[in-house]
């Protein structure tokens, strides 16, 4: 390209030459010239609509042309996925509906338990802090919250898979895996034990402390924790020491004689979920900006080197939808067992069988590769 034909560069060079003519710096001062040129280019870009009206008009037309192409491409990918995985997606939806129904059933179970013992909420405080839930009520609601979030992420995965966003499916399946490991870890010492769940509930102050440190490092003026949070932080440190605030310090009772930090992979191994670590790492690759994740996107199709929207990835769809369904079921089962044990409403355990049956239908469909007669 002829640099003299660039309207933006000409504007910037004229600005630099004018500054030199005014005596602000000399042409021999390379650093000043470079800084002035960068600043002038920034100004040129801001005025580019006036400086390069033809380019703006052509680009605007290309944007309008792109819109219907994009819509057709996305619709084509979705049709392809539905043709191949329509039955599997229906079975996966059934897993979601079963999990959501279980969530409502467990919520009702907790409500009836609290009604039957009106003092339980007042008696079991987290570290004795006023108006802060702890003990069995906290564990019940924590397990319910984990299951609820798993349902929400499961729905995201459904939409992402249906529309061909395979990397996002991997990333959100990774999130489901984390929920599963945490749900399992809260009951390692027993379904009704609340030692770990209390620490997990109190770890909100550790997260808040970490956030305050990060903001302070950026020069942001922060206020220390106050009220109940400050009291909880104080009592947590007194009861569990400063190690509690280190990485996964809430999980320390699971590793007797060991002090935090505790890597997530160690918790994963402890609860027997390390056999799915490959899927977790695949989710890591999908969510992070590593070079291998970038180079693997090369397609050289339709006049573009790298895709910018959705694509058909049948193998990813079938593998990770099956893993997502199984993982969602595992979170549901962990929550159901813990809540049934604490509330002593063991009849709710029947839902585990229904959940397993729904997942098995989905798993079998994805394992078969779809397109069954």
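The values are calculated or read from the model by the stated rules, or taken from the named source; none is laboratory data. Fair warning: this is a prediction, and the values are worked out from it, not measured in the lab. Don't worry about glycine lacking a Cβ; one is built from the backbone with ideal geometry, like all the others, and counts go over all protein chains shown.
Summed over region 328-373, residues that are surrounded by fewer than 18 Cβ atoms within 10 Å (Cβ to Cβ) and in a loop (DSSP other than H, G, I, E, B) total 5. When residues in region 230-280 are screened for being surrounded by fewer than 17 Cβ atoms within 10 Å (Cβ to Cβ), out of contact with any helix residue (DSSP H, G or I) (no Cβ under 8 Å at 6 or more places or on another chain) and over 27 Å from residue 173 (Cα atoms), 7 of them pass.
For every residue, the table says whether it meets (1) touching a residue at least 24 places away in the same chain (Cβ under 8 Å); (2) at positive phi; (3) touching a helix residue (DSSP H, G or I) at 6+ places or on another chain (Cβ under 8 Å).
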residue	(1), (2), (3)
126	yes, no, yes
132	yes, no, yes
135	yes, yes, yes
145	no, no, no
151	yes, no, yes
160	no, no, yes
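Would you be able to say whether some residue in region 65-85 is out of contact with any helix residue (DSSP H, G or I) (no Cβ under 9 Å at 6 or more places or on another chain), surrounded by 15 or more Cβ atoms within 10 Å (Cβ to Cβ) and over 24 Å from residue 154 (Cβ atoms)? For region 65-85, residues out of contact with any helix residue (DSSP H, G or I) (no Cβ under 9 Å at 6 or more places or on another chain), surrounded by 15 or more Cβ atoms within 10 Å (Cβ to Cβ) and over 24 Å from residue 154 (Cβ atoms): present. Taking helices (runs of 4 or more DSSP H) as the structural unit, those lying wholly within region 229-316 and holding at least 3 residues that are in contact (Cβ under 8 Å) with a residue 40 or more places away in the chain and out of contact with any strand residue (DSSP E or B) (no Cβ under 9 Å at 6 or more places or on another chain) correspond to 264-270, 277-287.
Let's see how each residue does on (1) in the same structural domain as residue 204 (by TED's automatic domain parsing); (2) at pLDDT below 95; (3) more than 30 Å from residue 237 (Cα to Cα):
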| residue | (1), (2), (3) |
| --- | --- |
| 82 | yes, yes, yes |
| 89 | yes, no, yes |
| 92 | yes, no, yes |
| 96 | yes, no, yes |
| 107 | yes, no, yes |
| 117 | yes, yes, yes |
| 130 | yes, yes, no |
| 139 | yes, no, no |
| 143 | yes, no, no |
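Here residue 104 meets each of (1) surrounded by 14 or more Cβ atoms within 10 Å (Cβ to Cβ); (2) under 21 Å from residue 325 (Cβ atoms); (3) without any contact (Cβ under 8 Å) to a residue 40 or more places away in the chain with one exception, condition (1). The single condition from (1) modelled with pLDDT under 95; (2) closer than 22 Å to residue 335 by Cβ; (3) under 21 Å from the mean Cα position of the chain (by Cα) that residue 183 fails is (1).
Looking at 317, 327, just one residue is within 21 Å of the chain's Cα centre (by Cα) and modelled with pLDDT under 95, and that residue is 317. Reported count of residues in region 135-159, each being crowded, with 23+ Cβ neighbours inside 10 Å and more than 25 Å from residue 122 (Cβ to Cβ), is 4. Is one or more of the residues making up region 150-164 in a helix (DSSP H, G or I), farther than 23 Å from residue 334 by Cβ, modelled with pLDDT under 95 and out of contact with any strand residue (DSSP E or B) (no Cβ under 9 Å at 6 or more places or on another chain)? No, the conditions are met nowhere in region 150-164. Do we have residue 300 as closer than 30 Å to residue 70 by Cβ and modelled with pLDDT of 95 or more here? So residue 300 does not fit the description; no. With respect to the stated conditions, residue 207 is without any contact (Cβ under 8 Å) to a residue 12 or more places away in the chain, closer than 27 Å to residue 330 by Cα, in the same structural domain as residue 129 (by TED's automatic domain parsing) and assigned to a helix (DSSP H, G or I).
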